[in-house]
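Trainee: I am attaching a structure below and will ask some questions about it afterwards.
The values are calculated or read from the model by the stated rules, or taken from the named source; none is laboratory data. If you're wondering where the values come from, they're calculated on a predicted model, not measured in any experiment. Cβ: placed from backbone, ideal geometry, glycine included. Neighbour counts: every protein chain shown. All accessible areas refer to the heavy atoms of the entire protein, side chains included, with ligands and DNA or RNA removed. Shrake-Rupley method; radii C 1.70, N 1.55, O 1.52, S 1.80 Å.
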Amino acid sequence: MADVDEAQVSEAQIAVHWREEEYYEPPASFVAQANAADPAIFERFSEEHFPECFKEYADLLTWDAGWHTTLDTSKPPFWRWFVGGRLNACVNCVDRHLATRADKPALIWVPEPEDEATKSISYQELYTRINEFAALLRDFCGVEVGDRVTFHLPMLPELPVSMLACARLGVIHSEVFGGFSGAACGERIADSESRILVTMDAYYRNGELLDHKAKADEALARAREVGVEVDKVLVWRRHPGEYGSQSPMVDGRDFFVDEVIDDYRGELVDPVSMPAEAPLFLMYTSGTTGQPKGAQHSTGGYLAYVAGTSKYYQDIHPEDTYWCFADIGWITGHSYIVYGPLALGTTSVMYEGVPTYPDAGRPWRIAERLGVNIFHTAPTTIRMLRKLGPDEPTNYDYRFKHMTTVGEPIEPDVWRWYHDVVGKGEAVIVDTWWQTENGGFLGSTLPALQPMKPGSCGPGVLGVYPVIYDEEGNVVEAGSGRAGNICIRNPWPGIFQTIWGQPERFVQVYYEKYCRNKESTDWRDWPYFAGDGAVQTSDGYFRILGRVDDVINVAGHRLGTKELESASITVEEIAEAAAVPVIDELRGRAVEMYVSLKPGVPASTDIEQKVSKAIEREIGKIARPKNVWIVADMPKTRSGKIMRRVIAGISNFADVGDVTTLANPEIVDDIRQHVQGVKAARGEVPRELTPQEMEEIKAFGQAE
Ligand code: 6R9
């Protein structure tokens, strides 16, 4: 790469270094029992059968009224699926299972403290609890069809109960990740104009009972500043009857759910039959600039899509014990802890706390004890578990048939540990690429029918036809070795309907770039722009390179952050790595690496040099980092994505921006003091940045 003539440097340079990996075939034992094992399924979902192919997903649901139009494209890009159909999401996830599996556990909740009992909630009990809470919402709070209710709930069963109670009433829920600050919650309350906030007094995290209700007061204050007044705050208690927060209850505004609900014991609420196109929930995701975007998801299309992908890609059978180790405050939890698995009538496991509490064997103990056979998590968790307990899985007697990775590109090295050690070489892996906006998977292998390839998510999923375009809208051919912008050529049922209250922004962010004709009502003219860089190999598999703004341009060479990071973690001592740009007078931009070490490894300049050498070897001299910073941990989002924007701000002595939506905001000051202290001592304080440079750093690596 260092030799490439500058004039020839193009997007291609992002991808060319990542070595091609070997295929792994699914074990025969998996194939023998898989939901999708007949290759005829590819034909059924081929473009020729689009959009009617998605009837197969919709038929997994119980409808009150059938649809007359599978896909209405009359107002692009506001696609409408299953128009004319009516259904209720709660009925589909709970009521309809009562006849055949009332006593089967719907949810198994594992509290963080290991001496506290696990709770198993049968479909019957879930039904009762949802009805009581729905009665409370309707009669005590006066919420009506179409109203929005914000939740700021941690990982307790009260969260799915609250979601499904809203769904039962046709009320739109908007869950804000429990780890977010009160201010972040307040902005989301205001944006969605929720009059009700549902929260919890406290929850366990890393051995500590955190005061959570305090955030509700901050949230309400922030919402009020923007002119939105919340009428009632419903407070679930972690230990019913005992208040675990210091924050005072405000008379006439704050209510303990476990007290008020006594008036609604045993009540049943008729489910509201909703049009397929009615919004089911909002899920906020941050944009590069401006206010957060409330991704609005539909009832029929969304539920059909998560049920279908749960069946074929997660390979969920009702008798499985399925554990998606994610937070429900992230889209992954909505689709693949709650709606998808429950629509299929399986048992879905939820865990309250951190993966490594009290030690890195915890997840494997849970899996062994509960008989989990499907496991689903993110690379950040996998890396953490590998860092703290590389051999722990071998100490436990569990058997996974299937595992998922989601949320970030996974380094092939980490993938192999997941496969060999966590999966004991017996589990199939799906690497699922998708986004909050998408409802469900976009890229993945169909586990019994397509081999796995470490570091690649695979081809587009059934009925989803991706393409890579260059900046001008030309197709970047598979196998060309060139990278570009991955887009989806067609609508699919799980696609979000709009950004809540901002339809113009919806069109502009996701469709404007590659729309061929704004007047056209043909979906073929409206490719969906995902905002991720990708490369496609000749086998049709996609390797996702990260957000398109995560590229560092060093003297005209465009370096993908994931490649730099992947090169860094080939150094044995490194657990995790993040690459950011620094303004450099000579080269325009230079690379700085942040790395965290495996436990017990002391920081040393020797390790810093090893990282530099690895990057030089894997990518080229041009990419050699200006500095390698060894840090205790990286600032991360709720889904464990590294917030490169924050460390880029630190490296450049610039504003780090909003840190209220970090999972670990406290780490920011530690990193800043260390890095800026050393830089100041070395005389590396940069000149003042221009407004453009400032913007660039701010926009860099916007994780979500
Ligand atoms: C589900 C979720 C979306 C962004 C997405 C991409 C990255 C997600 C990935 C992946 C590579 C995968 N991403 N899954 N990159 N391989 N398997 O993560 O939603 O939080 O909205 O993030 O995450 O960059 O654009 P969300």
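Trainee: Looking at region 122-240 from every direction and averaging, what is the projected area of its Cα convex hull in nm²?
Mentor: Working: hull surface 28.2 nm².
Over all viewing directions, region 122-240 projects a mean Cα-hull area of 7.1 nm².
Trainee: Let me have the relative contact order for region 97-197, percent, based on Cα pairs under 8 Å that are six or more residues apart.
Mentor: On the way: 129 pairs, mean separation 24.8, N = 101.
With pairs under 8 Å counted, the relative contact order is 25 percent.
Trainee: Once the Cα atoms of helix 158-169 and of the chain are each reduced to a long axis, what angle between those two axes, in degrees from 0 to 90 to the nearest 10, is obtained?
Mentor: 60 degrees
Trainee: Report, in deg cm²/dmol and to the nearest 500, the calculated mean residue ellipticity at 222 nm for the chain, where each DSSP H run with n ≥ 4 adds -39500 (n - 2.57) and the sum is divided by the residue count. Working shown, then result.
Mentor: Working: 21 runs with 182 residues, N = 704.
So the helix-based figure for the chain works out to -7000 deg cm²/dmol.
Trainee: List, in order, the whole-Hz ³J(HN,Hα) value for each residue of region 58-75 obtained from phi through the Karplus relation with A = 6.51, B = -1.76, C = 1.60 and θ = phi - 60°; use x for Gly and Pro.
Mentor: Going residue by residue, I get 5, 5, 6, 9, 9, 9, 7, 8, x, 8, 9, 10, 5, 9, 9, 10, 5, 10 Hz, with x marking Gly and Pro.
Trainee: Kindly flag which residue pairs out of 104/641; 55/75; 311/518; 215/562 have an alpha-carbon separation exceeding 28 Å in this structure. Each step should come with its number before you reach the end.
Mentor: Values: 104/641 35 Å; 55/75 22 Å; 311/518 36 Å; 215/562 35 Å.
Pairs exceeding 28 Å: 104/641; 311/518; 215/562.
Trainee: List the lysines whose Cα lies under 18 Å from the Cα of residue 679, skipping any in the same chain that are fewer than 8 positions away.
Mentor: 626
Trainee: Round to the nearest 10 and give me the degree value, 0 to 90, for the angle of helix 379-388's Cα axis relative to the longest principal axis of the chain.
Mentor: Helix 379-388 and the main axis of the chain meet at about 70 degrees.
Trainee: While we're looking at this one, here's another question. Set the Förster distance to 22 Å, then compute FRET efficiency between residue 633 and residue 208 from the Cβ-Cβ distance, nearest 0.05.
Mentor: Efficiency, from the Cβ-Cβ distance: 0.85.
Trainee: Further question: Would you mind computing Rg(Cα) / (2.2 N^0.38 Å) for region 327-379, counting N as its residues? Mind showing how you got there, number by number?
Mentor: Working: Rg = 11.7 Å, N = 53, 2.2 N^0.38 = 9.9 Å.
Region 327-379 yields a ratio of 1.18.
Trainee: Taking the Cα atoms of region 626-696, what is the range of coordinates along each of the three principal axes, in descending order and whole Å?
Mentor: For region 626-696, the Cα spread along each principal axis is 35, 28, 18 Å.
Trainee: For the pair residue 19 and residue 472, what calculated FRET efficiency results from E = 1/(1 + (r/R0)^6), where r is the Cβ-Cβ distance and R0 = 45 Å, to the nearest 0.05?
Mentor: Values: r = 29 Å, r/R0 = 0.65.
Efficiency at R0 = 45 Å is approximately 0.95.
Trainee: Could you please report the charge total around residue 181, scoring K, R as +1 and D, E as -1 over all other residues with beta-carbon less than 10 angstrom from its beta-carbon?
Mentor: On the way: positive: 215, 222; negative: 187, 218, 658.
With Lys, Arg at +1 and Asp, Glu at -1, the neighbours total -1.
Trainee: Given 0.36 nm per residue, what is the gain on full extension from residue 104 to residue 606 after removing their alpha carbon distance, in nm? Before the final figure, lay out each step's value.
Mentor: Details: separation 502, 0.36 × 502 = 180.72 nm, distance 5.56 nm.
That pair, residue 104 and residue 606, stretches by 175.2 nm at full extension.
Trainee: Calculate the translational D of the chain in whole µm² s⁻¹ from Stokes-Einstein, where the hydrodynamic radius comes from the Kirkwood formula applied to all Cα pairs, the temperature is 10 °C and the viscosity 1.306 mPa s. Could the numbers behind the result be given before it?
Mentor: Values: Rh = 25.9 Å.
Once the numbers are plugged in, D ends up at 61 µm²/s.
Trainee: In vacuum, with every alpha carbon of region 339-435 counted as one equal point scatterer, what does the Debye formula give for log10 I(q)/I(0) at q = 0.10 Å⁻¹? Two decimals, please.
Mentor: With no solvent term, the Cα-only Debye profile gives -0.25.
Trainee: If R₀ is 35 angstrom, what is the calculated FRET efficiency for the pair residue 517 and residue 229, using the beta carbon separation as r and rounding to 0.05? Let's see the in-between values first.
Mentor: Values: r = 44 Å, r/R0 = 1.27.
Computed FRET efficiency for residue 517 and residue 229: 0.20.
Trainee: Accessible area per residue, 1.4 Å probe, Å², for the chain: what's the number?
Mentor: In whole numbers, the chain has 35 Å² accessible per residue.
Trainee: Leaving ligands, DNA and RNA out of it, report the carbon-plus-sulfur percent of the accessible area of the chain at a 1.4 Å probe.
Mentor: Details: 11710 of 24510 Å².
That share works out to 48 percent.
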